[in-house]
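Only one structure is covered here, and it is reproduced in the block below.
The values are calculated or read from the model by the stated rules, or taken from the named source; none is laboratory data. Quick caveat, the model's predicted, so the values are computed rather than measured. Cβ placement follows ideal geometry from the backbone for every residue including glycine, while neighbour counts extend to all protein chains displayed.
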Amino acid sequence: MKLSGSYQINLSKQKVWDALNDPDILKQAIPGCEEFKKNSDTKFTATATNKIGPFNASFTGDIELTDLDPPNSYKITGSGNSPVGFASGEATVKLEDHEKGTNLIYEVEANVGGKIAQVGSRLIDMTAKKMADIFFGKFSELISTEENLHLEQSSNDKIERTVEAQPKKQNQKILIFAGGAVIIAILIYSFF
């Protein structure tokens, strides 16, 4: 089975790259992911359960990142087993600068076997495409939300600093007026 596609993500290429290598974000983005463990900088173990045709398949597998060219591309190789069959494959992920952020392009080649292969390649292809759409949709949402939270926090920090700075300015004005009043009072007292 071969599958390819692309997604426009409105963030810088480096931020998308960092997110593609963040186990917490990947765990949240992978449909049905129950566990996503980072074993090393390039090796992960994952468990995910998804419905494929009449089967509720729970796969546990190993994932390895190879051909790393940060922040431009890498290859993901993986294989997993389930009581209803097995899956293995590789995907090439490329990130390209785009005027509104980053264009993520992927090409996947996968093989499935066992009972799960009996549902037919058409259903498997449709399920794989749907899962890819869910993954990249959720991935984009997560990293955009994370970026918005970061920007919001940054904005809140600026507001707090401004709010903190305003009382200081007001206090300075009060001190100037008070100081001026004291000086005027001393001058008036001295002359009269």
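Looking at region 101-134, which of its residues are within 18 Å of residue 5 (Cβ to Cβ) and basic (Lys, Arg)? Answer for region 101-134, where residues must be within 18 Å of residue 5 (Cβ to Cβ) and basic (Lys, Arg): 122, 129, 130.
What residue, of 90, 99, is in contact with a strand residue (DSSP E or B) (Cβ under 7 Å, 6 or more places away or on another chain) and within 29 Å of residue 11 (Cβ to Cβ)? Give the steps one after another, and end with the answer.
Details: 99 fails: in contact with a strand residue (DSSP E or B) (Cβ under 7 Å, 6 or more places away or on another chain).
It is 90.
Within region 51-61, the residues that satisfy the criterion of being at pLDDT 85 or above and either of a type in the set (Phe, Trp, Tyr) or surrounded by 15 or more Cβ atoms within 10 Å (Cβ to Cβ) (or both) are 58, 59, 61. Note down all Cβ pairs under 6 Å where the first residue falls in region 1-24 and is within 19 Å of residue 41 (Cα to Cα), the second is in a helix (DSSP H, G or I), and they're at least six residues apart or on different chains. Within 6 Å, the pairs are 19/25; 19/143. State whether the residues of region 28-50 include one that is out of contact with any His (no Cβ under 8 Å at 6 or more places or on another chain), surrounded by fewer than 16 Cβ atoms within 10 Å (Cβ to Cβ), closer than 19 Å to residue 92 by Cβ and of a type in the set (S, T, N, Q). There is at least one residue in region 28-50 that is out of contact with any His (no Cβ under 8 Å at 6 or more places or on another chain), surrounded by fewer than 16 Cβ atoms within 10 Å (Cβ to Cβ), closer than 19 Å to residue 92 by Cβ and of a type in the set (S, T, N, Q).
From 12, 40, 82, grab the single residue that is among the hydroxyl-bearing types (Ser, Thr, Tyr) and closer than 26 Å to residue 121 by Cα.
Values: 12 fails: closer than 26 Å to residue 121 by Cα; 40 fails: closer than 26 Å to residue 121 by Cα.
Matching residue, one of 12, 40, 82: 82.
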